[in-house]
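Okay, so here's the structure we're looking at.
The values are calculated or read from the model by the stated rules, or taken from the named source; none is laboratory data. Only a predicted model underlies this, so the values are computations on that prediction, with no experimental measurement involved. Cβ coordinates were reconstructed from backbone atoms using ideal geometry, including for glycine residues, and neighbour counts include every protein chain displayed. These accessible areas exclude ligands, DNA and RNA; they are computed on the full protein's heavy atoms, side chains included. Shrake-Rupley method; radii C 1.70, N 1.55, O 1.52, S 1.80 Å.
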Amino acid sequence: MALIDLEDVGHRYAGAADAWALRPMTMTWNDGGAYALLGPSGCGKTTLLNIISGLIAPTRGKVLFDGRDVTTLPPEARNIAQVFQFPVVYDTMTVFDNLAFPLRNRGWDTARLRLRVEEVADILELRADLGRRARALSADQKQKISLGRGLVRPDVAAVLFDEPLTVIDPHLKWLLRRKLKQIHEQLKLSLLYVTHDQTEALTFADQVVVMSQGEMVQIGTPEQLFETPAHRFVGHFIGSPGMNFLPCEWRSGAATLAGVRVETSSKQAPPSGATLSIGVRPEYLELAATPGPNAVPVRIAAIRDQGIQTMVQLEVGASLAWAKLRNAGVALPSTAAFARLPPARCALYADERRVP
Amino acid sequence: MSSARPVNQRAWWFVLPVLISVAFSALVPLMTIVNYSVQDILGPDQAVFVGMEWYQEILRDPDLHGALYRQLIFTAAVLAIEIPLGIALALALPERGWRASLALVLLAMPLLIPWNVVGTIWQIFARGDIGLLGYVLTQLGIDYNYSQHPTDAWVTVLVMDVWHWTPLVALLSYAALRAIPEPFYQAARIDGASRWAVFRHIELPKMRGVLTIALLLRLMDSFMIYTEPFVLTGGGPGTATTFLSQYLTQKAVGQFDLGPAAAFSLVYFLIILLLCFVLYNFMKEQR
């Protein structure tokens with residue numbers, strides 16, 4: 001129902017005129033997609049969300065819904081719902097009145113309104129609570145009401161979530177997230193979900209947008225973000241622990257790490273003068289007792305047995321790296337060993353970015 | 001669970017200092033009053049037990065009825081004006097920046113003035129011959145004289161109290177308003193709420209706790225008002241602005257009727273206690 005386009009949208013907050021809270025960007029959010037905006041606090045995720053919902057007018061650029069310019073429209077005139085970090089309910093009203101509130105403000109008649117509210121209450125499993133005071137409910141139910149106030153408006157095309165599970169108990173988070181997925185499939189709404197929790201983002205979204213310092217650094221499926229981070233930040237931020245980045249040199253057409261020539265998945269030569277490193281996930285490092293192709297000499301600095309897996313800290317030249325080994329009866333080599341970087345699983349990074 | 005807990009009475013020792021200080025600051029003086037209220041003190045060593053006599057006397061006293069009646073009207077008027085006006089002021093104040101600081105300082109100024117000075121300021125301000133307000137009103141052809149017309153005296157005392165105490169309500173309300181998280185307003189915008197709906201369903205409920213305190217403070221303070229009308233009108237003309245405190249002072253200090261004055265003090269105290277109790281429970285009920 002709505003294709004959301006951002007054309008060269010950027011934002012600076014008043015009083016911080018020299019710093020972009022959101023660097024100018026162009027991006028299309030497909031109708032019916034489930035997107036997660038992932039990044040650390042202060043990276044511009046919420047600013048981006050508020051620009052789409054109309055709570056903030058961007059300093060530059062245009063916001064288009066289905067090709068219609070809505071940049072200057074207030075939030076109530078856009079067909080957008082937003083759910084905030086802390087549940088917003090109208091304390092003095094019942095659950096029913098909370099859900100009916102947006103419709104009453106839009107002049108719906110009582111009979112039609114009742115049908116619609118009950119329909120949405122069924123979807124959210126709030127039917128039994130309709131007569132209760134909203135104030136008396138638990139945080140997860142309040143968050144459902146916040147969502148419900150968005151869903152009752154039949155014209156709503158996209159729901160924006162701003163870290164909606166922050167104050168929800170861990171065991172309920174999972175249930176609520178599953179409910180969101182169900183609603184997404186049932187109602188075919190576009191969902192934009194802001195979070196700094198990678199698990200939340202990766203399990204919820206079809207497309208994850210990773211943001212850092214006001215910039216989108218990569219857009220992709222959870223798999224793409226894990227396997228081929230386009231930016232060192234993505235490598236660090238996704239995965240636990242994050243990707244290893246080992247400083248290397250470029251010698252006679254190949255990356256050289258600790259004196260060993262290393263093949264990577266990068267096909268192009270890196271730009272000259274850039275700071276080079278090889279990125280490899282801890283999950284893909286292999287330890288061996290003897291040298292071999294793509295294997296660099298390492299010293300084992302620490303070993304942590306975590307039951308199902310073993311974390312091994314390696315010294316590669318002057319830098320440190322983690323290897324995550326499955327505990328399938330692996331006999332660890334002695335302190336001096338070799339770490340093999342599978343060529344398909346590692347890549348060359350010039351400054352911050354992956355070399356294609 | 002609680003039945004299995006070992007009983008330990010030693011904790012009373014920790015409460016003891018508070019009990020002693022409360023006893024000396026409140027209970028002992030109060031008991032003195034109770035003592036006076038049931039005796040006729042004839043001299044330093046001469047006292048006669050009279051039972052409920054003083055209570056019966058003051059409860060039948062038409063002067064007291066008059067003062068109580070005026071007091072109730074005054075307090076009701078003060079609350080009816082100051083609470084809505086304070087909320088309106090708080091809503092109109094700038095939200096942040098130097099304008100907010102300036103407005104808050106200006107608003108707080110009446111609160112920093114000693115009460116008898118407030119009375120003196122208005123006493124002069126409202127005078128027809130040299131006071132700015134009184135002079136201007138007289139020049140405009142309005143027959144205004146607070147020392148002669150009961151209505152003028154009433155209006156002046158009321159306006160003075162509003163000037164003096166509305167800032168307190170406004171400051172409390174302002175603090176409550178600033179504590180409302182931004183998403184409540186943002187959600188209301190997205191829900192298409194009108195300005196009135198935002199006030200009715202977000203701001204007012206969030207201010208309820210603070211307004212309860214403001215209401216109780218103003219109820220107690222206005223019910224005990226003494227200094228300002230004493231300086232401004234001296235309770236006059238006649239007894240037009242004689243409220244309960246002033247009546248009490250006249251009895252105790254002016255006529256030295258310690259027995260009836262003590263009896264009345266207790267009744268006065270109970271009235272305030274009762275009003276606060278009723279109001280507090282009413283506000284709690286509404287939540």
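Tally the residues that are out of contact with any helix residue (DSSP H, G or I) (no Cβ under 8 Å at 6 or more places or on another chain) and either part of a helix (DSSP H, G or I) or more than 9 Å from chain A (Cβ to nearest Cβ) (or both), restricting the search to segment B:160-203.
Let us first name the residues in segment B:160-203 that are out of contact with any helix residue (DSSP H, G or I) (no Cβ under 8 Å at 6 or more places or on another chain), namely B:178, B:181-183, B:195-196, B:200.
Still in the running and either part of a helix (DSSP H, G or I) or more than 9 Å from chain A (Cβ to nearest Cβ) (or both): B:178, B:182-183, B:195-196, B:200.
Summing the residues that are out of contact with any helix residue (DSSP H, G or I) (no Cβ under 8 Å at 6 or more places or on another chain) and either part of a helix (DSSP H, G or I) or more than 9 Å from chain A (Cβ to nearest Cβ) (or both) in segment B:160-203 gives 6.
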**Asked** Just a yes or no: is a residue in segment A:275-291 open to solvent by 80 Å² or more (accessible area, probe 1.4 Å), closer than 22 Å to A:A230 by Cα and not assigned by TED's automatic domain parsing to the domain that holds A:Q224?
**Response** yes
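Do we have any residue at all in segment B:268-282 that's farther than 26 Å from B:L30 by Cβ and not polar (S, T, N, Q)?
Narrowing segment B:268-282 to residues farther than 26 Å from B:L30 by Cβ: B:282.
Checking the rest, the ones that are also not polar (S, T, N, Q) come to B:282.
Checking segment B:268-282: at least one residue is farther than 26 Å from B:L30 by Cβ and not polar (S, T, N, Q).
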**Asked** Within segment A:105-115, can one find any residue that is in a helix (DSSP H, G or I), closer than 27 Å to A:E163 by Cβ and assigned by TED's automatic domain parsing to the domain that holds A:W29?
**Response** yes
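Within segment A:246-257, is even one residue of a type outside the set (S, T, Y) and farther than 23 Å from A:A230 by Cβ? Can you show your working first?
Here is the first cut: in segment A:246-257, the residues of a type outside the set (S, T, Y) are A:246-251, A:253-255, A:257.
Keeping just the survivors that are farther than 23 Å from A:A230 by Cβ gives A:251, A:253.
The answer is yes, given that some residue of segment A:246-257 is of a type outside the set (S, T, Y) and farther than 23 Å from A:A230 by Cβ.
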**Prompt:** Limited to segment A:8-44, what total is found for residues that are assigned to a strand (DSSP E or B) and surrounded by fewer than 17 Cβ atoms within 10 Å (Cβ to Cβ)?
**Reply:** 5
**Prompt:** With A:L55, A:L3 as the choices, which residue is touching a strand residue (DSSP E or B) at 6+ places or on another chain (Cβ under 9 Å), free of Cβ contacts under 8 Å to residues at least 40 places away in the same chain and under 25 Å from A:V156 (Cα atoms)?
**Reply:** A:L55
**Message:** Could you go through segment B:4-13 and let me know if any residue there is surrounded by 10 or more Cβ atoms within 10 Å (Cβ to Cβ) and part of a helix (DSSP H, G or I).
**Reply:** no
**Item:** Check on A:K181, in contact with a strand residue (DSSP E or B) (Cβ under 8 Å, 6 or more places away or on another chain), away from every other protein chain (no Cβ under 12 Å) and in a helix (DSSP H, G or I)
**Value:** yes
**Prompt:** Looking at A:G131, is it closer than 20 Å to B:D191 by Cα and either surrounded by 22 or more Cβ atoms within 10 Å (Cβ to Cβ) or at pLDDT 85 or above (or both)?
**Reply:** no
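Mind telling me which of the residues A:A302, A:A350 ends up being buried (at least 19 other Cβ atoms within 10 Å of the Cβ) and hydrophobic (A, V, I, L, M, F, W, C)? Give the derivation first.
Details: A:A302 fails: buried (at least 19 other Cβ atoms within 10 Å of the Cβ).
One residue alone meets the criteria, A:A350.
Consider segment A:138-157. How many of its residues are of a type outside the set (D, E, K, R), under 18 Å from A:I52 (Cβ atoms) and in a loop (DSSP other than H, G, I, E, B)?
So the first thing to find is which residues in segment A:138-157 are of a type outside the set (D, E, K, R), and the list is A:138-139, A:141, A:143, A:145-148, A:150-152, A:154, A:156-157.
Within this subset, residues satisfying the condition of being under 18 Å from A:I52 (Cβ atoms) are A:146-147, A:150-151, A:156-157.
Next cut, in a loop (DSSP other than H, G, I, E, B) only: A:156-157.
Here the count works out to 2.
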**Asked** Taking segment B:244-259, which residues are in contact (Cβ under 8 Å) with a residue 60 or more places away in the chain and either in contact with a Ser or Thr (Cβ under 8 Å, 6 or more places away or on another chain) or closer than 27 Å to B:V210 by Cβ (or both)?
**Response** B:G259
**Message:** Quick test of your reading of the structure: A:A128 fulfils all but one of (1) touching a residue at least 40 places away in the same chain (Cβ under 8 Å); (2) more than 25 Å from A:E76 (Cα to Cα); (3) of a type in the set (G, A, S). Name the failing condition by number.
**Reply:** (1)
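Going by the conditions given, is B:L168 open to solvent by 80 Å² or more (accessible area, probe 1.4 Å) and within 28 Å of B:E203 (Cα to Cα)?
Details: open to solvent by 80 Å² or more (accessible area, probe 1.4 Å): no; within 28 Å of B:E203 (Cα to Cα): yes.
So B:L168 does not fit the description; no.
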**Of the criteria (1) within 14 Å of another protein chain (Cβ to nearest Cβ); (2) more than 30 Å from A:L160 (Cβ to Cβ); (3) not basic (K, R), which one B:L215 fails** = (1)
**Complete:** Of the listed residues (A:F65, A:F96, A:F84, A:F101), the one being touching a helix residue (DSSP H, G or I) at 6+ places or on another chain (Cβ under 8 Å), closer than 18 Å to A:L192 by Cβ and aromatic (F, W, Y) is A:F84
**Selection within segment A:158-178 - open to solvent by less than 10 Å² (accessible area, probe 1.4 Å) and part of a strand (DSSP E or B)** = A:A158, A:V159, A:L160, A:F161
**Complete:** Of those in segment A:61-87 that are within 14 Å of chain B (Cβ to nearest Cβ) and charged (D, E, K, R), the residue most open to solvent (accessible area, probe 1.4 Å) is A:E76
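Quick one: in segment B:218-228, which of the residues that are assigned to a helix (DSSP H, G or I) and open to solvent by 30 Å² or more (accessible area, probe 1.4 Å) is farthest from the other protein chains (Cβ to nearest Cβ)?
Kept after step one, since they are assigned to a helix (DSSP H, G or I), are these residues of segment B:218-228: B:218-223, B:227-228.
Subset that is open to solvent by 30 Å² or more (accessible area, probe 1.4 Å): B:220-221, B:227.
Details: B:M220: 27, B:D221: 29, B:T227: 39 Å.
Looking at the filtered set, the residue picked out is B:T227.
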**Message:** With the requirement that a residue be open to solvent by 20 Å² or more (accessible area, probe 1.4 Å) and part of a helix (DSSP H, G or I), what does segment A:185-224 give you?
**Reply:** A:E185, A:Q186, A:L187, A:Q198, A:T199, A:L202, A:T203, A:P222, A:E223, A:Q224
**Message:** Kindly evaluate A:F101 against the criterion of being on the phi < 0 side of the Ramachandran plot, within 14 Å of chain B (Cβ to nearest Cβ), open to solvent by 10 Å² or more (accessible area, probe 1.4 Å) and in a helix (DSSP H, G or I).
**Reply:** yes
